[in-house]
Amino acid sequence: MSTQFDYQFNVAGKAPAAPRIDPNAPLYASEDGVVASLSNNECVFQVKRSGETHVMTYQVLQALDQTRQFRTLDEHAERVMASLGGLSGQREAIGRVFEGLIQRGVLVSGQAFLDRLADTPARAIAPVRGVFIRACDRPDQLAHLLASLTDYERRFRANRNYVVIDDSASRDAANRHRDLLREFARATGCKLTYVGATESKRLLDKLARAVPAAAPFLSRLVLGEGDRSRFGGGRAWNLALLLSAGARFVLFDDDQRLPLRRLEDARAGLDPDPSSAADTRFYRNLENALAAGEEVDEDPFELHLAALGRPLGALVGDARYAIDAASLRGLAMNRLDHLRSDAPVLATQHGAFGSSRTDSGLWLYQLPPESRAEFVRDRDSYLRNIEAGSIWYGHRQARVRDSATFSPFALDNSVLLPCTNPLGRGEDALFSCVTSLCQHGALALELPVAIGHVQESQRKRSPLTLAAHTPKFNYFVVDYVRRQLPEVNASEPAQRLSLLAAHLRDVAGATPRNAVQQLKEYLAFVRADLIERLQNQVDGASDAPIYWQADVRSIIEANGKALIANAAPRLGDWPEGIDDAACAQHLRDEATQLAAAYEAWPALWAYANGQGERLLDAV
């Protein structure tokens, strides 16, 4: 469709008085598009969403460019008159141009945008396979989690199916885990499946016979053969994905505990802004953090499962997740690309209260002003807060993004979800990033609730925080996918995963010199980016206490020194003191192993999907 705009701004005479702007008037924003020149005076504007083309003068295009953010027409007119020379006082002519743009769908009202979002096709919802729990050498933590699940079952009588994947290296820990599970089964009457080393090996043999091409990689992928000195949460994650293939499932870590809680000022509705800041609160001790907010009085599993697998259009029709047109104010269309009616919610997540979910406290020095004020309230509390051992972190209103920021709580595994790296921290970030790549357009829903998170011991995070930022390998891959991977056009998730594997093999195939150079450029980028963000924090918080400013400057200095040092480009989970050659070898080995896992995964997942519940029953 091509539409010619014949509007000219040629009104003369005395400028009328500016009307009072009604902040409650309907909001409008221009569609995102691309422009091609036709002549010195005219151009073609193609709407990205629909592909429709419109011919307009450059003067109209300039006016359209001032309407990218959702605001009232009067506000847009004021902006056009202030920004474009020679248009002062031409409000009436500008209004006529706006009306023409509205009629042709180039300038869209907030309500029309939401009406379009609510138009959604039906989507089949997969059954729930079970509640999976990752356990590893922490019987005390698992005991707390199972106690909270026992309380849940007694309260809601849900009779859910629980699957514990035990990755313990200690035989004593594994035996105690079994004792705890027998007690849990007696107390609740729920079906419970234990997957330890023996059961995992039996499953691995079955998978190797069914998918011979994947056999060489299975041991590393789900059993952790190789380096057991590194964190290996990805092994149990991968096993849970295979055992739940074709269904939805819930995923716990053994250091979590129910009930879910929400802040007193949590509110209904869906925040359309994908970059809205989370709420961070600090408490004197862990007990106070665990008691903060109010307990969610409905089934916490159903709260997530009711949204999981549904298309966004169906979700926003629910009052719990409705989008208020007023919340679109100030947002541009290109920031709302993720809001599509047919976009499925493949993951749900929530915040956490208790212990921080991160190794480092760098994020604490990038808090929004309200949270920062509480963070630095006085020196004594500041010194406690920098260890992030008793906090609340989460959102007060639901929101959706194209990938989760932490481990999801519920996952829709009825479509191909990728495996993650069996080794190294950041396996959750890697999984979410690659899921977004494979299932293009799918969403993760973050609910305005939080789950208890209590680590086995209080961690000292400040030494890592104050040192030079050194990302681990999984975060290197995340940044590679987001910043360096070429645009992927394939529609099939397996093909998209295969393309990622090919690029990882390309990384692994670099010469040692080029591998070292790539690592150095990457570390330089992340450290320079961090320095810039922290410097902006300092510039915008001149009234912050001197102890906060001193620590921020120390972090900047540490990263600045690392930036100019000619040191080996070691990533965070590689041995300290290694040289350039060892760094290149580590990059080659890890990229090759991850590529092999991604290549083998689609066939493994397809087999597990075909087996359905039989695979879990055979454990």
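The values are calculated or read from the model by the stated rules, or taken from the named source; none is laboratory data. Small disclaimer: the values here were computed from a predicted structure and weren't measured. Don't worry about glycine lacking a Cβ; one is built from the backbone with ideal geometry, like all the others, and counts go over all protein chains shown.
Among residues of region 199-224 that are assigned by TED's automatic domain parsing to the domain that holds Ala135, those with a Cβ under 6 angstrom from a residue that is part of a helix (DSSP H, G or I) and aromatic (Phe, Trp, Tyr), sequence gap 6+ or separate chain, pair up as Ala210/Tyr607; Val211/Tyr607. Screening the candidates Ala450, Ala494, Ala444 for the property of being over 20 Å from the mean Cα position of the chain (by Cα), at pLDDT 95 or above and at negative phi yields one hit, Ala494.
Residues in region 533-540 include none that are in a loop (DSSP other than H, G, I, E, B) and either touching a residue at least 60 places away in the same chain (Cβ under 8 Å) or closer than 12 Å to Tyr365 by Cβ (or both). Going by the conditions given, is Tyr607 among the hydroxyl-bearing types (Ser, Thr, Tyr) and within 30 Å of Ala210 (Cα to Cα)? The answer is yes for Tyr607.
Gly317 meets each of the listed conditions (1) part of a helix (DSSP H, G or I); (2) under 18 Å from Ala122 (Cα atoms) apart from (1).
Would you point out the residue of region 349-363, among those that are over 19 Å from Leu534 (Cα atoms) and assigned to a loop (DSSP other than H, G, I, E, B), that is farthest from the chain's Cα centre (by Cα)?
Ser355
Contact annotation: residue pairs with Cβ atoms under 6 Å, 6 or more positions apart or on different chains, pairing a residue in region 289-310 that is on the phi < 0 side of the Ramachandran plot with a partner that is in a loop (DSSP other than H, G, I, E, B), are Ala289/Tyr283; Ala289/Ser390; His304/Phe409. Checked across region 127-144, the condition of being outside any loop (DSSP other than H, G, I, E, B) and free of Cβ contacts under 8 Å to residues at least 24 places away in the same chain holds for no residue.
Candidates are the residues of region 364-378 that are of a type outside the set (A, V, I, L, M) and either in contact with a Leu (Cβ under 6 Å, 6 or more places away or on another chain) or part of a helix (DSSP H, G or I) (or both); the one that is nearest to Gly540 (Cα to Cα) is Pro369. The sole residue among Arg116, Arg49 that is part of a loop (DSSP other than H, G, I, E, B) and out of contact with any Phe, Trp or Tyr (no Cβ under 6 Å at 6 or more places or on another chain) is Arg49.
Here is the figure for region 348-369: residues that are out of contact with any His (no Cβ under 9 Å at 6 or more places or on another chain) and touching a residue at least 60 places away in the same chain (Cβ under 8 Å) total 9.
Can you say whether Asp255 is crowded, with 18+ Cβ neighbours inside 10 Å and in contact (Cβ under 8 Å) with a residue 60 or more places away in the chain, as far as the supplied structure shows? Against the criterion (crowded, with 18+ Cβ neighbours inside 10 Å and in contact (Cβ under 8 Å) with a residue 60 or more places away in the chain), Asp255 qualifies.
Say we look at region 159-193 and pick out the residues that are acidic (Asp, Glu) and exposed (fewer than 13 other Cβ atoms within 10 Å of the Cβ); which of these is farthest from Val250 (Cα to Cα)? Talk me through it step by step, then tell me what you get.
Our first condition is that a residue be acidic (Asp, Glu); within region 159-193, this holds for 166-167, 172, 179, 183.
From the residues that got through so far, the ones that are exposed (fewer than 13 other Cβ atoms within 10 Å of the Cβ) too are 172, 179.
On the way: Asp172: 27, Asp179: 23 Å.
It comes out as Asp172.
Taken over region 223-242, the criterion of being modelled with pLDDT under 85, touching a Lys or Arg at 6+ places or on another chain (Cβ under 9 Å) and within 23 Å of Tyr162 (Cβ to Cβ) is satisfied by Leu223, Gly224.
In the set Ala373, Ala314, only one residue is among the aliphatic types (A, V, I, L, M) and not assigned by TED's automatic domain parsing to the domain that holds Leu270; that residue is Ala314. Among the residues of region 545-567, is any charged (D, E, K, R) and outside any helix (DSSP H, G or I)? No, the conditions are met nowhere in region 545-567. Arg384 - would you say it is among the basic types (Lys, Arg), part of a helix (DSSP H, G or I) and more than 23 Å from the chain's Cα centre (by Cα)? So Arg384 passes the test. Taking the criterion of being of a type in the set (S, T, N, Q), crowded, with 22+ Cβ neighbours inside 10 Å and at pLDDT 95 or above, the residues of region 386-413 that qualify are Ser390, Asn413.
So which of Glu78, Glu92 ends up being assigned to a helix (DSSP H, G or I) and either over 30 Å from Asp324 (Cα atoms) or at pLDDT below 90 (or both)? That would be Glu92, the only listed residue that is assigned to a helix (DSSP H, G or I) and either over 30 Å from Asp324 (Cα atoms) or at pLDDT below 90 (or both). The condition of being under 20 Å from the mean Cα position of the chain (by Cα), aliphatic (A, V, I, L, M) and surrounded by 15 or more Cβ atoms within 10 Å (Cβ to Cβ) holds for only one of Ala314, Ala307, that being Ala307.
In this structure, does Arg248 turn out to be in contact (Cβ under 8 Å) with a residue 40 or more places away in the chain, surrounded by 16 or more Cβ atoms within 10 Å (Cβ to Cβ) and of a type in the set (Lys, Arg)? So Arg248 passes the test. When Asp137, Asp166 are screened for being touching a His at 6+ places or on another chain (Cβ under 7 Å), in the same structural domain as Gly232 (by TED's automatic domain parsing) and charged (D, E, K, R), only Asp166 passes. Take the conditions (1) farther than 19 Å from Gly330 by Cα; (2) among the hydrophobic types (A, V, I, L, M, F, W, C); (3) part of a helix (DSSP H, G or I); Ala36 misses just one of them, which is (3).
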